Amino acid sequence: MDKIAVLMTCHNRINLTLECLRYLYFAYEKSELKFNLDVFLTDDGSIDGTSDAVALNYPNVKLLKGNGNLFWAGGMRNSWEYALKNDYDGYLLLNDDTLVLENLFLEIVSTQKYAFKNFGIGGVYIGSTRDQTKGNRTYGGAKLKNKFLFTYDKLQPSKKIQECNLGNANIMYVSNNVVKQIGILSEVYIHGVADYDYTLNAVRHRIPVLLMKDYLGTCSNNKSNKFEIFTNLTFKKRIDFLYNPLGMAFIDNLHLMKRFFPLRLPAVFIMGWVKVLIPKVYIDFQNRIRH
């Protein structure tokens, strides 16, 4: 690999964004690999001075401007579209709250070699993250167990490369050939699950989606139990939260179901409104499935 593009987006998280970039460039310097690294960062309307701070401390970062309504998926697409104007060997999707470890680029190269040896093509490579304090896994890859219930096993790094169906894009490397075959993140998504869509689409096209063998970064789990707060909201606020991209992201989830799990779509639509109308019943149902 001669050229890698790092794709990022941010919104009013100046300290996290700067720290993410610091760890990224440190890993690049420590890798001892000879390749060019270009960072494309979409600042989606930050008012906390993020762009100025990035320009001052990391002048090589290619800063792009959003309108404040891109959210995660839109911001990442914007960075990716700009990066596509040049020819890169691969694209590293990186969340700005993720601190990568020194072994990141060595693991990408190792996984790329594994993919070509075992599948004959480059693929999508997922990096696992753990909580910096507790040490437990926070994000990474997963394997589907039941397509109708949409249950899956979260994979733990096991010192060996593992195949998966689902991947979080906190750390996600996409080989150039993958982009040529299936494109970038789908336009239909506003915020979350766009990364799940991408990995599922790759698997559908027989592109290897691989979990890299070691932990490659730290990141706190920012996914709180959104169902629990429903019981404390008014009916109108429950509806708003259902459709909010930062809440239940109902539309995004319906898109995902329609595209990959169409038999599940009616149930997901109904259960979405069960959440709003009788949230306690929904919470009880979810707990029974999990246990």
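To keep it simple, each residue is scored yes or no on (1) within 28 Å of K134 (Cα to Cα); (2) at pLDDT 95 or above; (3) in the same structural domain as W72 (by TED's automatic domain parsing); (4) more than 17 Å from the chain's Cα centre (by Cα).
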residue	(1), (2), (3), (4)
Y196	yes, yes, yes, no
L211	yes, yes, yes, no
D240	no, no, no, yes
Y243	no, no, no, yes
L246	yes, no, no, no
F250	no, no, no, yes
F260	no, yes, no, yes
A267	no, no, no, yes
I270	no, no, no, yes
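Annotation: E32 fulfils all but one of (1) free of Cβ contacts under 8 Å to residues at least 60 places away in the same chain; (2) buried (at least 19 other Cβ atoms within 10 Å of the Cβ); (3) of a type in the set (D, E, K, R); the unmet one is (2). Within segment 151-174, the only residue that satisfies the criterion of being more than 15 Å from D195 (Cα to Cα) and either among the aromatic types (F, W, Y) or buried (at least 24 other Cβ atoms within 10 Å of the Cβ) (or both) is Y152.
Free of Cβ contacts under 8 Å to residues at least 24 places away in the same chain and either in contact with a strand residue (DSSP E or B) (Cβ under 8 Å, 6 or more places away or on another chain) or of a type outside the set (V, I, T) (or both): does that describe G217? So G217 fails the test.
Within the set N177, N170, N165, the sole residue that is polar (S, T, N, Q), in the same structural domain as W80 (by TED's automatic domain parsing), in contact (Cβ under 8 Å) with a residue 24 or more places away in the chain and touching a helix residue (DSSP H, G or I) at 6+ places or on another chain (Cβ under 7 Å) turns out to be N165. Across segment 70-92, the number of residues qualifying as acidic (D, E) and at pLDDT 95 or above comes to 2.
Has segment 73-91 got at least one residue that is in the same structural domain as V209 (by TED's automatic domain parsing), farther than 25 Å from N177 by Cβ, touching a His at 6+ places or on another chain (Cβ under 6 Å) and touching a residue at least 24 places away in the same chain (Cβ under 8 Å)? No, there is no match, as no residue in segment 73-91 is in the same structural domain as V209 (by TED's automatic domain parsing), farther than 25 Å from N177 by Cβ, touching a His at 6+ places or on another chain (Cβ under 6 Å) and touching a residue at least 24 places away in the same chain (Cβ under 8 Å). Within segment 192-211, can one find any residue that is out of contact with any Ser or Thr (no Cβ under 6 Å at 6 or more places or on another chain), over 25 Å from T111 (Cα atoms) and either buried (at least 19 other Cβ atoms within 10 Å of the Cβ) or in contact (Cβ under 8 Å) with a residue 24 or more places away in the chain (or both)? Scanning segment 192-211, I find at least one residue that is out of contact with any Ser or Thr (no Cβ under 6 Å at 6 or more places or on another chain), over 25 Å from T111 (Cα atoms) and either buried (at least 19 other Cβ atoms within 10 Å of the Cβ) or in contact (Cβ under 8 Å) with a residue 24 or more places away in the chain (or both), so the answer is yes.
Can you confirm whether T129 is among the β-branched types (V, I, T), within 25 Å of N12 (Cβ to Cβ) and buried (at least 22 other Cβ atoms within 10 Å of the Cβ)? Considered against the rule, which asks whether it is among the β-branched types (V, I, T), within 25 Å of N12 (Cβ to Cβ) and buried (at least 22 other Cβ atoms within 10 Å of the Cβ), T129 comes out as yes. Among the residues of segment 60-72, those that are without any contact (Cβ under 8 Å) to a residue 60 or more places away in the chain and either in contact with a Phe, Trp or Tyr (Cβ under 8 Å, 6 or more places away or on another chain) or surrounded by 15 or more Cβ atoms within 10 Å (Cβ to Cβ) (or both) comprise V61, K62, L63, L64, G66.
Determine, yes or no, whether S46 is of a type outside the set (A, V, I, L, M, F, W, C) and modelled with pLDDT under 95. No, not satisfied.
Only one of N67, N60, N95 is polar (S, T, N, Q) and at pLDDT below 95. Can you tell me which? After ruling out the rest, the residue left standing is N67. Looking across segment 107-124, just one residue is surrounded by 18 or more Cβ atoms within 10 Å (Cβ to Cβ) and either at pLDDT below 95 or over 22 Å from I182 (Cβ atoms) (or both), and that is E107. Every condition in (1) in a loop (DSSP other than H, G, I, E, B); (2) closer than 27 Å to S220 by Cβ; (3) not aliphatic (A, V, I, L, M) is met by Y88 except one, and the failing one is (2).
The values are calculated or read from the model by the stated rules, or taken from the named source; none is laboratory data. A quick note: this is a predicted structure, and the numbers were derived from the prediction, not measured. Here the Cβ is made from the backbone with ideal geometry for all residues, glycine too, and neighbour counts use every protein chain on show.
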